[in-house]
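Written out below as structure tokens is the structure these notes cover.
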There are 2 protein chains.
Amino acid sequence: MSSEKIVDLLKVQGFRASGVSCGIKKNGKRDLALILSDVPARVASLFTTNKVKAAPVLIDMERVKKGGIRGVIVNSGNANACTGKKGYSDALKMTALAEKALGLDKGSILVSSTGVIGVPLPVEKVEAGMKDLIEGLSYDGLPDAGEAIMTTDAFMKTASASAVIGGRKVTIAGIAKGAGMICPNMATMLAYFVTDCDVPVAALRKALKEATDLSFNSIIVDNDTSTNDTSMIFANGLAGNRPARCGTPEYQRFVRLLTEVSTRLAHMIVKDGEGATRFIEIKIKRAASDKDARLAGRTMAESFLVKTAFFGGDPNWGRIMAAIGKAAIKMDESKTDIIFNGVHVVKNGLDTGMEKEAAAAIKVREVVVTVDLRMGKGTSTIWTTDLSYEYVKINSAYRT
Amino acid sequence: MSSEKIVDLLKVQGFRASGVSCGIKKNGKRDLALILSDVPARVASLFTTNKVKAAPVLIDMERVKKGGIRGVIVNSGNANACTGKKGYSDALKMTALAEKALGLDKGSILVSSTGVIGVPLPVEKVEAGMKDLIEGLSYDGLPDAGEAIMTTDAFMKTASASAVIGGRKVTIAGIAKGAGMICPNMATMLAYFVTDCDVPVAALRKALKEATDLSFNSIIVDNDTSTNDTSMIFANGLAGNRPARCGTPEYQRFVRLLTEVSTRLAHMIVKDGEGATRFIEIKIKRAASDKDARLAGRTMAESFLVKTAFFGGDPNWGRIMAAIGKAAIKMDESKTDIIFNGVHVVKNGLDTGMEKEAAAAIKVREVVVTVDLRMGKGTSTIWTTDLSYEYVKINSAYRT
């Protein structure tokens, strides 16, 4: 949609990163990234729920259980998914090459891939690029890594924030890729966070899950999930703060900071959504439960008809009513209100005669649609895009 | 997509029908239909599962329980959905007008509406058109009714078939509307069947459910359901056959005949799918269960990415693999085969190198994609369309 202003990314002590071109992308752009902690870091991660998982995902799922992680190597241009046993050994080789070059123990580097599915990974190119990658490591290197994980992204996605937690200033910085959530063909949404905050691993896992539910799991561009989706956070504790243990005020502050950074990245992914012309915030109020609220929001965001209406700038509340009615939630049509950018078009399930005003109000880039169900206290916010000619063009023309 | 050749519709003894213009549609096309049995008929019906139900659906749901039904009155151009109490009394009035004009008992006529949501039904136009509607009743009138229920349909949908059941020749004739399954804004898929077969009401209900699952419930154009979806069958028993009771060979033959007629109508709806350029048959083989097979097929048919790839003529098996992997079914990537119009592109989860051949094979109007899961004995067939520029155009531009 729009390109984002790139703001300076805060440095996080003890983390170096690098991003180089090793030739997987035919256009010579950066396609190999490394993020490394100077000391062993605690790691939490979330992976795709798709049953078809790429080889690097399978490897990471095992390694994060064991601990002793120092960093992650990532390539773009090839997803190393649906590549069988060779794909698995190629992913293992990627980690071994990095571990050897860095003089680290086996199992201390994680691995991700993103790009085309079903094509063998040219691991010899990764090998050839390893020297440059290691030499490029720098405390200023996170934006280079951010660039090297891009695929169809129109712009790079980075965000960072600082706060005083447990007596010290701590920082979280993150990079992400994804344009279209999700495009399995170009496999996928990836997000990496680094922080110097001291967070026990149980708290780190909980925090990543909470922040992800409110950010990456609250955005929808299309209704597909990918084979490679990965989100991970590395916490090296160098800030020396009182540890952000579960249930403490320190933990609450840490979650808030992580949610802030991840939400900014998530919004960038929606704004870079394939063919998107509008950024749509769906607010569900007074649902019977938060779960109902999320389901109602998701069903709206996934509806072909709701999305095409937004593209046309049409405040088509009948489609929204039908989408919510389809969701497995408690609702009563005669209690439902629908509001487009402040214009109340439906009150108690009936047309208020304000459609013209609503049509004028939503012919802008950013649209807020509020659905008030009057069934309870559940709320949710989901961010999505419209469905445009350009989306169809990008996704029908991409490969062939 | 393509217009269908209209074949002669078989007459069914004891059923008259009519279709006229009463002025709800601004273009003067037919918009009011009546189907009437000369004698009380057994009725079975299926209605939308959407929680937001149009007024006529609510009325029919009550009436079919009571029995004594003689026919149905249908208007197009206005869905009478999201119209509150006035909508309900307008729908009641439609039935009362028809019952009075025909000299029938209160409660003997069912009612359906299809068209724009949220606009009050101009019931005075229905009243003004009633005389023409009744005078137009004819044993040859079913195609007129078929025309009068159309909304965005590019062509009329009728089908019929005969067979010897229980010692007599019986006939089923049907009409349907729907272009895009489903377009809530133009509310909806409607289907009406008439038959002279003697079928007890329990068997009639079971037969309609079975035939609908294999036909209308196996087609997907987009992922929305509507406020007005209705399918109903009237059986007046005038063929004088041995009754097609549940569990008898007569019942089996009747279900087969009804499935044949309803599948032909369902295929017409897919071929008339909004903006469709291809008719896609998804065959799932050897799933762990029939339920798994249906879910896998549906998930593929609902995927934005799978549908856009078909529009582009791209045999993008990575997207199919990811779509199936997302479905809540048992699967093993390394046992999965994918075949496009006879070309085996994936064997045991791996690329066979036949994509160019597959791309050539699917650049046609009708595509069969087979997914062989090798997990059990479950099978399903789902019919769907691609997702085109035209779909976006129709659905973004329709109202405003």
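Could you give log10 I(q)/I(0) at q = 0.08 Å⁻¹ for the protein assembly as shown, computed by the Debye formula over C-alpha point scatterers of equal weight, without solvent?
Log-scaled intensity ratios, in q order: -0.71.
Which ³J(HN,Hα) values, rounded to whole Hz and listed in residue order, are derived for the stretch A:69-80 from phi using the Karplus coefficients 6.51, -1.76 and 1.60 in 6.51 cos²θ - 1.76 cosθ + 1.60 with θ = phi - 60°, glycine and proline given as x?
Values per residue, Gly and Pro as x: 7, 10, x, 9, 10, 9, 10, 10, x, 7, 7, 6 Hz.
Taking the Cβ of each residue in A:Phe279, B:Phe340, B:Phe254 as the centre, tally the other Cβ atoms inside 10 Å and list the residues starting with the fewest.
Sorted ascending by nearby Cβ count, the order is A:Phe279, B:Phe340, B:Phe254.
Between copies, how far apart are the A:Val201 label points? List them in nm, one decimal, shortest first, with each point 7 Å from Cα toward Cβ, please?
6.6
For B:Lys347, place a label point 7 Å out from Cα along the Cα→Cβ vector, do the same in each other copy, and report the separations in nm, one decimal, smallest first.
Relative to the other copies, B:Lys347 has label-point distances of 6.8 nm.
What number, in percent, do you get for the relative contact order of the stretch B:337-400 if the mean sequence gap of Cα pairs under 8 Å and at least 6 apart is divided by its residue count?
Here the relative contact order equals 29 percent.
When a/c reaches 1.5 or more, the comparison of a/b and b/c decides; with that in mind, is the stretch B:251-400 rounded, prolate or oblate per its Cα gyration tensor?
Verdict is oblate for the stretch B:251-400.
Suppose every K and R has +1 on its Cβ and every D and E has -1 on its Cβ; what is the size of the dipole of chain B about the Cα centre, in Debye to the nearest 20?
Here chain B has a charge dipole of around 780 debye.
Give the residue from B:Gly378, B:Ala33, B:Val43 lying farthest towards the positive end of the charge dipole for chain B; charges sit on Cβ (+1 for Lys and Arg, -1 for Asp and Glu) and the dipole is referred to the Cα centre.
Comparing the listed Cα positions along the dipole, B:Val43 ranks first.
Need one word for the stretch A:277-358: rounded, prolate or oblate. Basis is the Cα gyration tensor (sqrt eigenvalues a ≥ b ≥ c); a/c below 1.5 gives rounded, then a/b vs b/c decides.
oblate
Put a label point 7 Å from Cα along the Cβ direction on A:Lys66, then list its distances to the equivalent points in the other copies in nm, shortest first.
With the label placed 7 Å along Cα→Cβ, A:Lys66 yields 7.3 nm.
Under 1.5 on a/c is rounded, so check that first for the stretch A:1-73, then, if it is not, pick prolate when a/b is larger than b/c and oblate when it is not; a ≥ b ≥ c are the square roots of the alpha carbon gyration tensor eigenvalues.
Judged from the Cα gyration tensor, the stretch A:1-73 comes out oblate (a/c at least 1.5, b/c at or above a/b).
Taking neighbour Cβ counts within 10 Å as the exposure measure, how do B:Met232, B:Met354 sort from fewest upward?
By the 10 Å Cβ count, ascending: B:Met354, B:Met232.
Starting with the fewest neighbours, write out B:Thr158, B:Thr259 ranked by other beta-carbon atoms found within 10 Å of each beta-carbon.
Ranked by crowding around the Cβ, least crowded first: B:Thr259, B:Thr158.
Mind checking the log10 I(q)/I(0) for the stretch B:192-319 at q = 0.21 Å⁻¹? Debye, one equal scatterer per Cα, no solvent, two decimals.
Each listed q corresponds, in turn, to -1.22.
Over the whole of A:41-52, what's the average partner chain Cβ count within 10 Å per residue? Rounded to a whole number, please.
So the per-residue partner count for this stretch is 3.
Need one number: % antiparallel among DSSP beta bridges in chain A, to the nearest 5.
70
Every read-out reported here was derived from the displayed coordinates using simple, explicitly stated rules and does not represent laboratory data. Please read these numbers as outputs of a predicted model, since none were measured by experiment. Because the Cβ atoms are built from the backbone with ideal geometry, glycine has one as well, and the counts that use them run over all protein chains shown.
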